[in-house]
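Laboratory data are not the source of any read-out in this text; all were calculated from the coordinates shown. Here the structure is a predicted model, which is why all the values come from computation and not from measurement. Positions of Cβ are backbone-derived with ideal geometry, glycine not excepted, and every protein chain shown enters the neighbour counts.
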């Protein structure tokens with residue numbers, strides 16, 4: 001991949017170069033499988049630990065990069081100067097960001113590029129004719145807990161001047177000692193005061209703190225994503241781990257492999273989704289009492305008072321991003337539904353379930369209108385995955401391009417696929 005060190009945008013060339021024809025798909029779709037009528041190309045690669053992404057109206061793509069393995073994170077601006085679908089202009093920025101530059105959520109809103117990091121949300125003023133913002137970032141919200149576990153944050157805007165940030169819980173199940181066999185759950189769970197929910201903030205204010213926002217919902221464990229659609233905010237949650245290791249007297253490896261579902265929730269004001277006291281079981285399709293609070297895989301007890309999810313997905317698939325499709329390139333059946341990037345499991349016994357991009361249909365009423373379908377698959381090829389070190393690729397972000405095609409980012413080596421519908 002060609003990487004230019006001198007930006008063409010110094011010349012004011014902000015628009016993407018016109019293409020003489022639609023970008024060509026790769027014969028093998030860049031190694032992934034897709035439904036009939038769809039094809040893919042690799043638009044960029046070797047970008048690092050690419051996470052969420054957002055496409056600008058002119059086709060430029062902005063990617064958040066996670067810090068990992070001693071390498072700093074940051075932000076990437078990508079431009080296609082030839083109109084062939086490949087991002088041949090790549091510029092990194094974001095020096096001086098907190099959290100070693102690590103970032104997950106990213107969004108464009110009213111002339112600013114917003115970036116969500118583990119402990120803060122910042123924004124950059126975008127300048128017409130420039131690919132990369134020239135000024136320093138402004139702090140919009142700061143002071144989130146610096147605890148490392150489950151600290152990744154997404155960001156989404158509504159249509160009333162507000163934005164939403166998820167705040168994950170630095171715990172598996174709010175035990176007195178996290179992930180220790182037979183350690184009881186804290187009741188009430190003190191983490192829920194500042195974690196385990198989604199907070200709403202004003203987009204018109206700078207230098208806010210978490211307490212300046214409004215908690216919309218609670219009872220969530222780890223949810224690295226938020227999206228606004230159908231008049232509400234949505235997230236897809238990673239459910240609890242190690243239910244068999246911590247409580248072998250009640251749960252088998254099969255129970256852990258197939259039980260605690262990943263769930264999509266519609267986050268309406270005041271909802272409580274039950275973490276850590278209950279978890280949603282994929283096989284039984286109901287909330288069950290967590291073993292830290294006396295559950296044995298059958299008992300529901302206090303769980304009846306909590307809000308049920310909008311949709312559920314198999315255990316440990318690890319959702320990391322969700323975007324609702326409002327484009328017009330894909331068939332009408334996709335409009336209004338959600339594309340969800342699943343990172344792939346680590347907590348299954350035996351083989352892991354590799355990552356995939358799933359489509360969940362959502363009706364006009366904001367509720368699931370059918371079962372999910374695996375949309376893009378085989379990111380890890382066909383070799384069995386035993387541990388996280390075996391993954392050659394893991395889908396991490398999804399973003400809709402101005403023409404209605406779909407970008408998928410990879411957090412292993414930084415590959416970006418672009419998916420088209422060709423009918």
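Points worth noting:
- Each Cα pair under 8 Å and six or more residues apart adds its separation to the average, and for the chain the resulting relative contact order is 15 percent.
- Extension gain, residue 147 back to residue 24 (0.36 nm per residue minus Cα-Cα distance, nm): 39.8 nm
- Highest-MSF residue in the chain out of 264, 126, 237 [GNM, Cα springs under 10 Å]: 126
- Globularity index of the chain is 0.95 (Cα radius of gyration / 2.2 N^0.38 Å, N = number of residues).
- DSSP beta bridges fully contained in the chain are about 95 percent antiparallel.
- Using the Cβ-Cβ distance between residue 138 and residue 268 with R0 set to 41 Å, the FRET efficiency works out to roughly 0.85.
- A simple spin-label model places pseudo-atoms 7 Å from Cα toward Cβ; at residue 81 and residue 119 they are separated by 3.8 nm.
- Debye intensity ratio I(q)/I(0), log10, the stretch 63-205, q values 0.10 Å⁻¹ (C-alpha model): -0.42
- Spherically averaged projected area of the convex hull of Cα atoms, the stretch 94-139: 3.1 nm².
- Placing a label point 7 Å from the Cα of residue 333 along the Cα-to-Cβ line, the residues of the stretch 374-407 whose backbone N sits under 13 Å from it are 374-375.
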